[in-house]
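The values are calculated or read from the model by the stated rules, or taken from the named source; none is laboratory data. These numbers were taken from a predicted model, which means no experiment stands behind them. As a convention, Cβ positions derive from the backbone with ideal geometry for all residues, glycine included, and neighbour counts pool all protein chains shown. Heads up: the accessible areas ignore ligands, DNA and RNA and are worked out on the full protein's heavy atoms, side chains in. Shrake-Rupley method; radii C 1.70, N 1.55, O 1.52, S 1.80 Å.
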Amino acid sequence: MRIIMLVDMDYFFAACEELRKPEIKGKPVIVGADPKGGNGRGVVSTCNYVARRYGIRSGMPISMAYRLKKDAVFLPVDDKYYEKISNEIMRILRGFAGRFEQVSIDEAFMDVSEKVDNFDKAVDYAREVKEAIMKGTGLKCSIGISENKLLAKMACEAAKPDGIKLLKREDVQKFIEPMPVDRLYGVGKKTAQKLKEMGYETVGELSKAGLMELVSKFGVYGKEIYDYARGIDESEVVENNEIKSIGRERTFDADTDNIEEMKSMLETMANEIKEEIDTKGLQFKTVTIKIRKPDFTEFMKSRSLSHYSNSDKEMLDEAFKLLADNTGTKEKVRKIGLRVSGLASYRGQRKLAEYM
Ligand code: DCP
Ligand code: CA
Ligand code: CA
C-alpha cells in the first residue's frame, strides 16, 4: 500500500503578510482587491482565521468583506513575495518526499512510501515536516495522510488548521459518506450540480449510483466519480514540474577566440546557475557546454561526475576541461552556454532569510 501526504499551507497569502508585519497578527487580515471604502470591485484572495470568524472567505466580493468587517486589515496581493516563500516551502518539502508533486502555490503531494514503513511512522514524519517548514519559514501548514491522493487531500481539509490527520482504509467509509459530493477532490462545481440533479447530494448516496449510469452521463470521467465515491484513486504522485536541466547562454559582444574571455563568461554563468540550484534545492551530475560559432554551427560537449554535486567550483572545473578539449582549432566563438543536468533534490539547510 502507498503512503501519500498532502501538505497545504494555512491561510497562505495572509500568513505570509503576518510574517513580515507581525503587528497585524491577531487582527482580521484580508488579502485581495482594494475595498475602497466599500465600493471596491474584485474579490478576497484569502483571509486569516480571525477574519473567517466574521464569515469572510476566499472568492467573496471585497465589498462584502468590507461590510462584514470594516476595520479589518486589508492588504493587496503581492504574488512575487508569496512565490519566493512558496519556493522555499517546496524546496523543504522535496527533501522529505520520495515522489513529489506541487499542485499549487501552497500545496504539494508527497509519496513517502519509501521513506516510512507504516502509517503511524508517517504521522511522526508529518510532524517533522511541519517543524521543518516552521523552522525554515515561520509558517504553519496542515497535512493529510492516506493511501491515495484523493483521501490525503480530504484528510488535509479535515486537519486544518495546523493539524495532521491520518485517514486509514477502515475509517474511509464513515469519513467520506456524510460529505456533500462537491467535497470530493476532483469533482468540480458543475459536476456536483449535475450529480445533485441526479439525486446524489452526499458521497454516501453517490456510492449507490451504478457505474453504467455515471459513465453514460459523464463518459470515462464517470468511472472516476464511481471510484472517488468509494475512496479509490489510483493516480500516481507525478513530478510535474520536474526540471530536467538548468543553464545559461550568452552571446559575446564581438566574436572571440580569447580563452580568458570565454572562461570569465562561464564563471558568471556558473555563479548564476549555482544560485538557481541552491534556491531550488538541487544537485547536478552532468555539466554541458555549448558553443556557437560565427556561422551559427553549434556543438555541445558533456562530462558527468561520479557523484551529485552542488559546487560551482566543480561545475566550472568541468566546464573549463570541456572548453580546453574544444578550442584547439582556434576558431572564433559567437555564443557560449553552460548547463547542468542529471538533477536531484537534496535536503539543504539554508534559511528563507537568506533570499529575502
Ligand atoms: N487564492 C486566491 N483566490 C481563491 C483561492 C485561493 O487568490 N479563490 C490564493 C490565496 C490563498 C492561496 O491561493 O492563500 C492558497 O489557497 P488555499 O485554497 O489553500 O487557501 P488558504 O491557504 O488561503 O487557506 P486554507 O488555510 O484554508 O488552506
Ligand atoms: Ca492553503
Ligand atoms: Ca491550497
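In a DSSP loop and with at most 16 other Cβ atoms within 10 Å, the trypsin sites (Lys or Arg not before Pro) in region 175-248 are K208, R230, K244. Structure note, pairs K80/K244; K313/K335; K280/K330; K149/K280; K115/K290: Cα-Cα distances above 32 angstrom occur for K280/K330; K115/K290. Rolling a 1.4 Å probe across all protein chains gives V43 an accessible area of roughly 70 Å².
Helix 119-137 and the long axis of the chain differ in direction by around 60°, with both axes built from C-alpha atoms.
Compute the orientation-averaged projected area for the chain from the convex hull of its Cα atoms and round it to one decimal in nm². Mind dumping the intermediate values first?
Values: hull surface 95.0 nm².
Mean orientational projected area (the chain, Cα hull): 23.7 nm².
Counting only the backbone N, which residues of region 282-306 are under 19 Å from the spot 7 Å out from the Cα of E261 toward its beta-carbon? Answer for this model: 290-299. For the chain, with a Gaussian network of springs between Cα atoms less than 10 Å apart, report the residue from L150, L167, L316 with the top mean-square fluctuation. Between L150, L167, L316, it is L316 that shows the largest mean-square fluctuation. I'd like the orientation of helix 149-159 relative to the chain: the angle between its Cα long axis and the longest Cα principal axis, in ° from 0 to 90, rounded to 10. The angle comes out near 70 degrees. Put a dot 7 Å past the Cα of D120, heading toward its Cβ, do the same for D78, and the two dots end up 4.6 nm apart.
Could you order R91, R339 so the one with the most accessible surface comes first? Probe is 1.4 Å. Working shown, then result.
Details: R91 10, R339 90 Å².
Correct descending sequence by accessible area is R339, R91.
Helix 312-326 and the longest principal axis of the C-alpha atoms of the chain enclose an angle of approximately 50°. Each Lys and Arg Cβ is given +1 and each Asp and Glu Cβ -1; about its Cα centre, the chain then shows a dipole of about 840 debye. Maximal additional length on extending the K27-T251 stretch stands at 75.4 nm, based on 0.36 nm per residue less the C-alpha distance. Gaussian network model of the chain, Cα springs within a sub-10 Å range: biggest mean-square fluctuation belongs to which of E23, E205, E177? Largest GNM mean-square fluctuation: E23.
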